[in-house]
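Student: Below is the structure I would like to discuss, written out as structure tokens.
The values are calculated or read from the model by the stated rules, or taken from the named source; none is laboratory data. Quick caveat: nothing in here was measured; it's all calculated off a predicted structure. Don't worry about glycine lacking a Cβ; one is built from the backbone with ideal geometry, like all the others, and counts go over all protein chains shown.
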Amino acid sequence: MYPWQLMVFLLSSFANRQQQTLIDYLLTEVKILRQHVPKKRLILTDPQRIMLAEKAVILGRKGLQSIQTLFSPDTLLRWHRELCAAHHTHDNTNDKLGRPTLSDETVKAVLKMARENRSWGYVRIVGALANVGIEISATSVRNILAKNGLEPAPDRGKSPSWSEFIKAHMDVLASVDFTTIDIWCGGKLKTMYLLFFMEVATRKVYFAGMTEHPTDEWMQQIARNVTDCEDGFLNGKKLLIMDRDTKFPQKFRDALVREGIKSLRTPPRSPNCNAHIERFFRSIKSECLRRMIFFNEKMLRNAIRKYLVHYHQHRNHQGIGNLRIMPPPDEPIKGKIVCDEELGVILKYYHRKAA
């Protein structure tokens, strides 16, 4: 053997020993790692599976079985087969026949125009969409409306929606409804019926009164109070929304008709049709009535009176642009910010105190 051959042999033996030592270290490290990995399935990404599958197929099943891998040889080889199958599978996602599906933006635009313009037909909607750069056929418009339960223009435009009706008559529209509260009286609970009216356009609220028994006679007196020619809350109003509760008797409605006010009775079990005053009830209960215990009617009346002052003058309302209904006049814009409280600390109002 030549000296150079001996040198090559010694170098290769040393390299093999170094490589084996490195492999032994990595195998030991993997073994320790497996002991610390939680006993649950590892979720790998597709690139990670591909990388392991490429290495696994070179080692083969016997080679994989000779080392402690995180995944079984069958799993690694299965990933390799799936990789090969995916490579030879033709992606025909772009080869679908037929018209392309309509975008969500187009569908939403069709529905928006149809709902906001009840007299528009298919062709009119197509033209309006073309004005904003959306190309669509009348047939597609018809299919979209049919799928979403909207009738064609002649039927869809016969009568306005409830929201459209309210917006069109806002200036002459009011609403009325009862809510209840339990108070202690003589050591017993008593249910009081509270009657409120609301001017829908401004959100102004009028407390008409409370009673334990809202009789027909009591309701007729309420009708006379709210239609008084001098200071009646319903002066100038032509329509009054109310539900079909028997507490609104025929005599009450007749008294309103004599003053030129028509009663609009909502469908049964449809509180959303009188949503404005229902929202007021939610406010007064959560912000005041449910935070107190009432021991007599006088205490309850006082709480309602103070809340209505807070509601009209100090509280902001999202329904009218987050403004106040009747802000106090000549409020200073400079000075120290102070907090006024009513009903203990239940109602709070922040304002500037004039210097």
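Student: When both residues are 6+ apart or on different chains and their Cβ atoms are under 7 Å apart, which pairs have a first residue that lies in the stretch 314-341 and is closer than 16 Å to THR202 by Cβ and without any contact (Cβ under 8 Å) to a residue 60 or more places away in the chain, and a second that is in a helix (DSSP H, G or I) and of a type in the set (A, V, I, L, M, F, W, C)?
Tutor: Qualifying pairs under 7 Å: none.
Student: Can you find a residue in the stretch 158-170 that is in contact with a Leu (Cβ under 7 Å, 6 or more places away or on another chain) and either farther than 30 Å from ALA303 by Cα or modelled with pLDDT under 90 (or both)?
Tutor: There is at least one residue in the stretch 158-170 that is in contact with a Leu (Cβ under 7 Å, 6 or more places away or on another chain) and either farther than 30 Å from ALA303 by Cα or modelled with pLDDT under 90 (or both).
Student: Let me ask something else. Can you tell me how many residues within the stretch 339-355 are in contact with a Phe, Trp or Tyr (Cβ under 7 Å, 6 or more places away or on another chain), surrounded by 11 or more Cβ atoms within 10 Å (Cβ to Cβ) and of a type in the set (A, V, I, L, M, F, W, C)?
Tutor: Going through the stretch 339-355 one residue at a time, the tally reaches 1.
Student: Read through the list (1) among the charged types (D, E, K, R); (2) more than 34 Å from the chain's Cα centre (by Cα); (3) in a helix (DSSP H, G or I), then give the number of the only condition that GLU331 fails.
Tutor: Tallying (1) among the charged types (D, E, K, R); (2) more than 34 Å from the chain's Cα centre (by Cα); (3) in a helix (DSSP H, G or I), GLU331 fails exactly one: (3).
Student: Only one of these is modelled with pLDDT under 90, farther than 30 Å from MET242 by Cβ and exposed (fewer than 15 other Cβ atoms within 10 Å of the Cβ): LEU145, LEU97. Name it.
Tutor: Of the residues listed, the single one that is modelled with pLDDT under 90, farther than 30 Å from MET242 by Cβ and exposed (fewer than 15 other Cβ atoms within 10 Å of the Cβ) is LEU97.
Student: Considering only residues that are among the polar types (S, T, N, Q), out of contact with any Ser or Thr (no Cβ under 6 Å at 6 or more places or on another chain) and more than 15 Å from TYR307 (Cα to Cα), which ones fall in the stretch 253-293?
Tutor: Residues satisfying the conditions are SER263, THR266, SER270, ASN272.
Student: Would a scan of the stretch 298-308 turn up a residue that is part of a helix (DSSP H, G or I), in contact with a helix residue (DSSP H, G or I) (Cβ under 7 Å, 6 or more places away or on another chain), aromatic (Phe, Trp, Tyr) and closer than 30 Å to TYR349 by Cα?
Tutor: yes
Student: Any idea which of LEU289, LEU308 is in contact (Cβ under 8 Å) with a residue 24 or more places away in the chain, on the phi < 0 side of the Ramachandran plot and in the same structural domain as PHE197 (by TED's automatic domain parsing)?
Tutor: None of the other options fit; the residue is LEU289.
Student: For the stretch 198-231, give me the residue count where each residue is in contact (Cβ under 8 Å) with a residue 60 or more places away in the chain and either over 17 Å from GLU297 (Cβ atoms) or among the aliphatic types (A, V, I, L, M) (or both).
Tutor: Count: 7.
Student: Which one of these does ARG124 not meet: (1) modelled with pLDDT of 75 or more; (2) crowded, with 16+ Cβ neighbours inside 10 Å; (3) not in a helix (DSSP H, G or I)?
Tutor: Only one criterion is unmet by ARG124, namely (3).
Student: Against the condition assigned to a helix (DSSP H, G or I) and free of Cβ contacts under 8 Å to residues at least 60 places away in the same chain, how does SER263 come out, does it pass?
Tutor: So SER263 fails the test.
Student: Does the stretch 42-52 include one or more residues that are within 20 Å of GLY149 (Cβ to Cβ), modelled with pLDDT of 65 or more and either in contact with a strand residue (DSSP E or B) (Cβ under 6 Å, 6 or more places away or on another chain) or exposed (fewer than 15 other Cβ atoms within 10 Å of the Cβ) (or both)?
Tutor: So far as the stretch 42-52 goes, no, none of its residues is within 20 Å of GLY149 (Cβ to Cβ), modelled with pLDDT of 65 or more and either in contact with a strand residue (DSSP E or B) (Cβ under 6 Å, 6 or more places away or on another chain) or exposed (fewer than 15 other Cβ atoms within 10 Å of the Cβ) (or both).
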